1. To the nearest 20 debye, what is the magnitude of the charge dipole of region 40-191 about its Cα centre, counting +1 on the Cβ of each Lys and Arg and -1 on the Cβ of each Asp and Glu?
2. So how far apart, in nm, are the two label points at residue 149 and residue 161 if each is 7 Å from Cα heading toward Cβ?
3. With unit charges on the beta carbon (Lys/Arg positive, Asp/Glu negative), name the residue among 176, 54, 26 whose Cα is farthest towards the positive pole of the charge dipole of the chain.
4. Which lysines have a Cα lying under 28 Å from the Cα of residue 149, excluding residues fewer than 8 positions away in the same chain?
5. Dipole magnitude of region 1-104 about its Cα centre, charges +1 at Lys/Arg Cβ and -1 at Asp/Glu Cβ only, in debye to the nearest 20?
6. State the volume of the convex hull built on the alpha-carbon positions of the chain, expressed per residue in Å³ and rounded to an integer.
7. Compare the peptides 158-169, 109-120 by average per-residue count of other Cβ atoms within 10 angstrom and give them in order, highest first.
8. Taking the Cα centre of region 145-189 as origin, sum charge times position over the Cβ atoms of Lys and Arg (+1) and Asp and Glu (-1), and report the length of that vector in debye to the nearest 20.
Amino acid sequence: MLVGYARVSTDDQNLDLQRTALSDVGCDRVYEDMMSGARAERPGLGQALDVLRNGDTFLVWRLDRLARSLKDLIEISEQLDGRGVGLRSIQESVDTTTSSGRLFFHLMGALGEFERNLIRERTRAGLEAARKRGKVGGRPRALSDGDLKAAKVLLASHELSVADVARRVGVSPATLYRHFPGGRSSVLTGN
């Protein structure tokens with residue numbers, strides 16, 4: 001059995017092109033989603049995967065309609081292969097029901113893994129080089145040591161509310177509570 005899957009990211013996009021292409025190659029059933037591929041739970045994809053049996057072929061118009069990333073695509077392909085289901089993409093001419101299609105697909109997966117490892121290594125090397133230059137990653141502190149001292153004095157004086165103190169030092173009350181978890185009471189008790 002040929003089972004098709006079509007997906008568009010938003011409601012204002014149209015599934016007609018994919019429906020026609022899947023119908024033209026003889027799909028017995030076509031399942032659809034109208035949502036971002038970034039969402040892990042896609043009901044149409046889940047239904048399509050549920051009906052597939054050993055010997056079936058799963059068709060998509062393009063591989064990017066099926067998976068969020070190359071890693072996701074490889075995982076879905078391995079899941080299908082383990083169940084004896086082939087995967088075909090109409091636009092990319094990928095067909096894992098043939099030996100050359102499986103080879104091509106595995107080469108793509110190996111190249112994707114190689115690329116991820118290179119990115120990871122370059123990122124680590126860049127962070128290490130930045131640390132050696134004295135750069136610290138992350139978001140800058142919202143309150144300097146001077147601001148913290150001023151906030152502590154203002155909180156201890158009882159003249160201003162926590163919200164007023166936060167406004168004076170230029171942060172939100174939540175930021176003050178992160179530094180002084182008990183609010184004014186933590187300043188007074190010295191915790």
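1. Here region 40-191 has a charge dipole of around 900 debye.
2. The modelled label-to-label distance comes out at 2.9 nm.
3. The residue sitting farthest along the positive end of the dipole is 176.
4. 135
5. Magnitude of the dipole: close to 180 debye.
6. 204 Å³
7. Output ranking for 158-169, 109-120: 158-169, 109-120.
8. Roughly 60 debye, rounded to the nearest 20.
Quick note: the coordinates plus some simple rules give every number you see, no bench work behind them. The structure presented is a predicted model; accordingly, all values stated were derived computationally and were not measured. Methodologically, a virtual Cβ is constructed for each residue, glycine included, from the backbone with ideal geometry; neighbour enumeration extends over all protein chains shown.
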